[in-house]
1. Using the C-alpha gyration tensor of the range B:289-330, what are the square roots of 5 times its eigenvalues, in whole angstrom, with the largest one first?
2. Just to check I understand the Karplus step: with θ = phi - 60° and J = 6.51 cos²θ - 1.76 cosθ + 1.60, what whole-Hz values come out for the range A:4-20, glycine and proline as x?
3. Sorted from largest down, what three extents in whole angstroms do the Cα atoms of the range A:214-297 have along their principal axes?
4. Hey, with R₀ at 60 Å, roughly what FRET efficiency would residue A:13 and residue A:283 work out to, going by the Cβ-Cβ distance, to 0.05?
5. Over all distinct alpha-carbon pairs, what is the Kirkwood Rh of the range B:382-436 in angstrom?
6. Using a label point 7 Å beyond Cα on the Cα-Cβ vector, give me the inter-copy distances for residue A:154 in nanometres, one decimal, shortest first.
7. Relative to the compact-globule scaling 2.2 N^0.38 Å, provide the ratio for the alpha-carbon radius of gyration of the protein assembly as shown.
8. Can you tell me the dipole magnitude for the range B:435-491 around its Cα centre, using point charges on the Cβ only (Lys, Arg +1; Asp, Glu -1), in Debye to the nearest 20?
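Any read-out appearing in this document is the output of simple, stated calculations on the displayed coordinates, not a laboratory observation. None of these values were measured; they are calculated from a predicted model. Here the Cβ positions follow ideal geometry from the backbone for every residue, glycine too, while neighbour counts run over all protein chains shown.
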Protein chains: 2
Amino acid sequence: ARKIRSPRGTELTARSWLTEAPLRMLMNNLDPEVAEKPEALVVYGGIGRAARDWQSFDRIVASLTTLGDDETLLVQSGKPVGVFRTHKDAPRVLIANSNLVPRWADWDHFNALDKVGLMMYGQMTAGSWIYIGSQGIVQGTYETFVEVGRRHYGGDLAGRWILTGGLGGMGGAQPLAATMAGASMLAVECQPSRIDMRLQTGYLDRKADTIEEALAILEQAKADGKPVSVGLLGNAAEVFPELVERGIRPDAVTDQTSAHDPLNGYLPAGWSLAEWEEKRERDPKLVETEAKKSMAVQVQAMLDFHAQGIPVLDYGNNIRQMAKEMGVAKAFDFPGFVPAYIRPLFCRGIGPFRWAALSGDPEDIYKTDAKVKELIPDNPHLHNWLDMARERIRFQGLPARICWVGLGDRHRLGMAFNEMVASGELKAPIVIGRDHLDSGSVASPNRETEAMLDGSDAVSDWPLLNALLNTASGATWVSLHHGGGVGMGFSQHAGMVIVADGTPEAAARLERVLWNDPATGVMRHADAGYEDAIEAAREHNLVLPSL
Amino acid sequence: ARKIRSPRGTELTARSWLTEAPLRMLMNNLDPEVAEKPEALVVYGGIGRAARDWQSFDRIVASLTTLGDDETLLVQSGKPVGVFRTHKDAPRVLIANSNLVPRWADWDHFNALDKVGLMMYGQMTAGSWIYIGSQGIVQGTYETFVEVGRRHYGGDLAGRWILTGGLGGMGGAQPLAATMAGASMLAVECQPSRIDMRLQTGYLDRKADTIEEALAILEQAKADGKPVSVGLLGNAAEVFPELVERGIRPDAVTDQTSAHDPLNGYLPAGWSLAEWEEKRERDPKLVETEAKKSMAVQVQAMLDFHAQGIPVLDYGNNIRQMAKEMGVAKAFDFPGFVPAYIRPLFCRGIGPFRWAALSGDPEDIYKTDAKVKELIPDNPHLHNWLDMARERIRFQGLPARICWVGLGDRHRLGMAFNEMVASGELKAPIVIGRDHLDSGSVASPNRETEAMLDGSDAVSDWPLLNALLNTASGATWVSLHHGGGVGMGFSQHAGMVIVADGTPEAAARLERVLWNDPATGVMRHADAGYEDAIEAAREHNLVLPSL
Ligand SMILES: NC(=O)c1ccc[n+]([C@@H]2O[C@H](COP(=O)([O-])OP(=O)(O)OC[C@H]3O[C@@H](n4cnc5c(N)ncnc54)[C@H](O)[C@@H]3O)[C@@H](O)[C@H]2O)c1
Ligand SMILES: NC(=O)c1ccc[n+]([C@@H]2O[C@H](COP(=O)([O-])OP(=O)(O)OC[C@H]3O[C@@H](n4cnc5c(N)ncnc54)[C@H](O)[C@@H]3O)[C@@H](O)[C@H]2O)c1
């Protein structure tokens, strides 16, 4: 199997930093430290890939290596399809992944096209080359857990524990986020390799083979006054109902199995891993049905916890929808995490801002950490996050950082990083991007746009405008995806990455893009009638002609 | 009711021609000469609107009037939602209309959102401000009919007649296209006003109230050796089966009722117009069901003609799909017009290129007509079209012209027009655009991408890449729509308009945009394996990394 690792340092493989950056980030997405299944080009989230196949990967690399600074490469579902002349302020790469005409936008059609090599599932940041490993999800999860503590437990999670399922590419961030937030965690995961990987990266503290063993560890931690995370080898569709039956009461319940992808992401109850793998090849329809049946069982257990007054939240894997399709009428009785905890942040354009050091030098990130603190001095929560992240999160692949910041801050940080590149304070340019799960970049009625105030959950004009505007503003690469997170048919979303190469031209682009991008989120939420967003729009003097 | 008419002449209302152009073209779309129902902002194609409501219209106009040449206006389903700073080479307007997350992308969800004022149906060129009246569709229809004649009647349609339904905004072009192509036509239309409008504009020759009367006129024309077009007042769902029953044999059969929109576009058999209008308000579900039942009857009659060996073609209104949903299993037995007649053109990037004279002066168009002939000297078919168009097509609103030209010609024409503006040969700038029904701009498995060679009919990455690339290349406005032509759920498509204002900057943009735009069509068809397209790509030295 091929091993991919991004080049480090200041020597260019491509013709400029604007093309070197996507090249390194594509490779970084496939770094064995970063990707879940690099040999299959799978980065995270079920079958989220960075390129359609190895031939496409090689051809993308070849194209980026020779691409001029007035040219743009088009990538269609992970395959490079064209190079066109544009101009210096245009993106160097434009990407469309996994998009299907709505009537055909389901897993059946997608899988058929995927199988014959016509498509690729891009997830959110896999096919748009800005996945940075589990860290990316840690802060989001951390902020959600902290918020759960604030709402339900007076801000103190000491002695509390959270039940969840799945320790995969994103789910693996949960145990660390929980302990950072002061809570213990019991995470049910069916693959031993996933548990071991999280132990190795320090995201998970302990492992257990039985419920008894796991509960004993949690008990001990409570006695010691120190949160602990336990990975329990098992099937969530079996363990969740078992806990209900035994009358065990977690303090919060969620799930991060890859329920959005019933063919590849969820082990049916009672099946061995070998059986699963084999039947996925031989009888995919059966796998899907059995997986969805098991999800229904797990969701029923979650509803039972919910009925006991325990906070239960869908963490964006669409498991409620799957259960509903299998007859669990009340599946949506417990809320998604976005309307419950994240939307107030989106209203102010706050979301998962992230950046990576193309030098490969961790010092570059530590310096940017310090710069963020300097530029945003009055946010103890943010400073705390940065300190803990530095201490507890190991870099995967190119050193990178994420922190949730909003409109008004993002462009200041981007321009400051650019100056640090220009002055030589940083060893090489920085790439700045974000998740597609952001304030203005996604329409996903079961997740990011669930229960919008005006009922506009399903309107996807917004992420399309976001992508068009980022293209017009001069982002370095822009992507439009379908189906990420919640699966085929359920979302449309846009990505954006921009390079701070230290030039004045980059500064101008950074100022525009990192302002406009979160501003579209404030605009979208203001249009839906959220007071917080209307206020933010006013505060930042956004020009919203219909408000 | 308000009457909108675009300003003419060289005095600017907005701050530059780049913003004056969208302003004039928006207004022109609502000119009573152009729009089907201007008081309701409906331009054509059922309920295809230019702006969401009058307030939105006024606000778009206000925004365009003050917009700077480094700013970009965002329009979401016909409502102006934001003004952002971009740069000179970025589009001045970015539009997303009628887009819904796929699982919710049907008429029910759309209508609910439309009703509460959250959405608008943009059709193809209605919401993207480049509809130019029936002329726009005449050439496409003309080329299709000519091609039918070539394939089935040795290139000679003399004495032949075509049966169709619908004389609306686009369907009204059929009779003129038919007689231009040398054939007679019987067009069944249920609204007298539509028949009268086509008589007035000279697109239709005669009207009739009964089948007998209509057939007699056709008979006489055959005897006279001169093609004639007849508008027959009636319901296609009644007339088509009646003709089958009587054993009448047309020489070709098609339909252009607004079948794609069962709520607003198709009169159920046996209903009066008043009844239809009233029930649309009171019982929309019933209207939809009854309309679809009648479509099934009409399609069955079309299948009967087909079984007799008569060429029958779906002209892109999705009537086969509707019939199929009502149980007509063989509905797709007769082909769509694109795979049957148009795709070979798309393979070479040929499609509905069009332009309008912002001066309002017909002379400007006549001069560009001459320029087209001068620059493309060896195409008698094209010259013939231009001559006939000048003679027989009355301008509606701003003088405009359409002709189907491809990759390699479009940018040359655009740059030549720009020089004519610069030299003062033309009185004012020209806007250049196209339909969304074009070579690289649409995914629509029941129409433009029906039966693609590689089975990629439903892959909509392509139109999204087209819109992103046109944005990156510097088009003046770019749009992304859903559901145009074939209705909600069945298509995604992109629009592009660019202004030739006579400046050298415009020349550079025109060269890029009018090359890249058709080139994405050649790329898309080459990727699907069409030899014609692969050859065109080679001939034009396109850089397609995976080929
Ligand atoms: N809020 C968000 O935006 C957000 C964040 C993170 C994850 N998610 C969603 O959460 C899901 C997980 O993402 P991921 O990247 O970790 O996916 P992944 O496929 O890498 O991991 C899923 C994990 O679940 C395990 N699993 C599958 N079935 C199981 C079962 N029955 N019992 C126990 N474990 C089981 C798998 O072994 C795997 O380790 C996805 O649906 C993703 O979209 C959403
Ligand atoms: N190839 C293409 O791209 C293409 C070109 C033109 C039109 N179309 C499609 O054709 C359809 C018509 O477009 P349009 O702009 O003319 O729409 P329109 O709504 O303006 O016109 C439809 C006409 O059909 C008439 N009609 C409705 N039900 C009827 C019935 N039962 N019998 C007789 N007449 C009936 C209406 O009175 C109306 O005049 C649309 O679905 C459009 O998308 C496709």
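1. After diagonalising the Cα gyration tensor, the semi-axes are 18, 11, 8 Å.
2. 9, 8, 5, x, 10, x, 9, 7, 8, 8, 8, 7, 7, 5, 6, 9, 4
3. Principal-axis extents of the range A:214-297 (Cα, largest first): 49, 21, 20 Å.
4. Using R0 = 60 Å, I get an efficiency of 0.85.
5. Kirkwood radius, the range B:382-436: 12.8 Å.
6. Inter-copy label distances (nm, one decimal, shortest first): 9.8.
7. Scaled against compact globular proteins, the figure is 0.95.
8. That gives a dipole near 180 debye.
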